[in-house]
């Protein structure tokens, strides 16, 4: 794992338990109880560790199991100009959003690297629009934005709290869109941006190079589906069945999305993406037909809350607090509370 990617991964050993204190959650299918912002979770121990980390899902805290701070927790905890309290919590909430953008920009730069594996060369299928910008220029643009945001996060707490995060999302989203266009050019992928595919049976579907940005895929049956080089930025994969699916070289797939989905050892993950790991709750086998009723019932309970324009589905700790968007139309980020 590269240094830049490692820095954008949550490290609870170096964090003051900020996500367990700063963020609110509401009793629901994702959280067993209500908790106000700034109030420590009842499961937080005296040494800032989660007392039920090993059994979050079984304890009714699946929302915690799919949350990721993208390294914001340890970065804010180690700031010399802040101590635990309301100000630190404000800084954490903004830093977390900006760190998510940093992660996507890191992915964008990686996708534009000439040596990055992009799978076999496909046969062109139909005419595709010519993507704007040269690969090197796009990579430099993504890296430049990443440096700007990183400098902002490391600067004054007052300036950070006053940051217009939506303006940064717009700038980052435009770059990610151009990277996606270039990476998927010539694949003839389906246009499914923001599509409501919740609960659909799409087993074995051919979705190579598809644009699935912000798509609603809650409890969608995607067993054995071909998702190679598909753009999954912001796709809501809660309880999506990815057993046996091919996610090789898919674009902008984040760990929280994987944590929210169902999969198995037959699910092919992007080998070049930074730091993605197979979630611990995924099954060891890829036998079909298990747990379908439970997934669809959970999808019905959760409902379909979305913002206009393919925006982020509001859920989880930060979704309930802000309904924010990461990148461009980013679906709710989940949580991998590493090391706790």
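Read-outs: derived from the displayed coordinates by stated rules, not from any lab. Since we're looking at a predicted model, the values are computed, not measured. In this analysis, Cβ positions are derived from the backbone assuming ideal geometry, glycine residues included, and neighbour counts consider all displayed protein chains.
Based on C-alpha pairs under 8 angstrom that are at least 6 apart in sequence, segment 145-239 has a relative contact order of 22 percent.
The label-point distance for residue 151 and residue 78, in a model that sets each label 7 Å from Cα toward Cβ, rounds to 2.2 nm. Neighbour counting of Cβ atoms within 10 Å sorts the residues 200, 35, fewest neighbours leading, into 200, 35. For segment 30-112, the equivalent ellipsoid derived from the Cα gyration tensor has semi-axes of 25, 19, 11 Å, listed largest first.
Among 99, 281, 53, sorting on how many other beta-carbon atoms sit within 10 Å of each Cβ, with the fewest leading, yields 281, 53, 99.
Between the beta carbons of residue 159 and residue 37, assuming R0 = 25 Å, the FRET efficiency works out to 0.70 to the nearest 0.05.
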